[in-house]
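In what follows, a structure is listed as structure tokens, so that the remarks can point back to it.
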Amino acid sequence: MSRGIYYIYQGLAWILFAGLLVQFFLAGLGVFRAATFRSHRTLGDVLIYASVVLLILAVASLLTGNLDRWKVGLTALLVVLLLLQYLLATDSLQAGAPFISALHPLNGVLLVFISYVLAHGHDLPWAAQTRVGRGATARSDRV
Ligand code: HEM
């Protein structure tokens, strides 16, 4: 059962990763005027809600011993960066500080990277090294 929560977490992380990739295509449709930005905005909102659910599942997986603490932190960072992504594209910021709004696509790349790390379920190279260094093999079931 507790492992099941982690599998739902991982499945949702993959969905988020795919949704973030789709965002690039939808942004492209808007930039090249093949469509409006409406679907891009709507999916962006959905992804924010999905990331909050992902964070709840991450905490549940941590409590049941199936997820490392740093991955819960990374999931929290994903939520924060998705909120930032929303703020970067607000009409008022676009009008008042377009140079800051220009960070929106760059932050999008970061979001894709983080969601991939979470969905893939493996350690980052430096995190794996830290773990080996500590000799922490007892909880090898953790991902
Ligand atoms: C991970 C990828 C992305 C996510 C999650 C995302 C999310 C969002 C969200 C939530 C909004 C609506 C903001 C609001 O309602 O105030 C938005 C707007 C916008 N996004 Fe993105 N975005 C992503 C990638 C990109 C990329 C790569 C571009 C490249 C050009 C882009 C261009 C824009 C533009 C121009 C707007 C404003 C549209 C308008 O004013 O109607 N986005 N984005």
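FYI, it's all coordinate maths here, none of it is from the lab. These numbers come from a predicted model, not from an experiment. Backbone-built Cβ (ideal geometry, glycine too); neighbour counts: all protein chains shown.
In a reduced charge model with +1 at each Lys and Arg Cβ and -1 at each Asp and Glu Cβ, the chain shows a dipole moment near 240 debye about its Cα centre.
Indicate the helices, whole DSSP H runs only, in the chain that combine a mean Kyte-Doolittle hydropathy of 0.5 or more with a Cα extent along their long axis of 18 angstrom or more.
Details: long enough: 2-31 (44 Å, 1.31); 38-63 (38 Å, 1.43); 69-88 (28 Å, 1.67); 104-120 (24 Å, 1.35).
Long hydrophobic helices here: 2-31, 38-63, 69-88, 104-120.
Sort the chain into rounded, prolate or oblate with this rule: let a ≥ b ≥ c be the square roots of the eigenvalues of the Cα gyration tensor; rounded if a/c is under 1.5, and if a/c is not under 1.5, prolate when a/b is larger than b/c, oblate otherwise. Prolate. Amide H to amide H distances under 5 Å link Ala89 with no residue, where only residues 5 or more positions off or on other chains count and H is placed in the peptide plane. Working ranking of peptides 27-33, 62-68, 43-49 by packing, defined as the average number of other Cβ atoms within 10 Å per residue, highest first, is 62-68, 43-49, 27-33.
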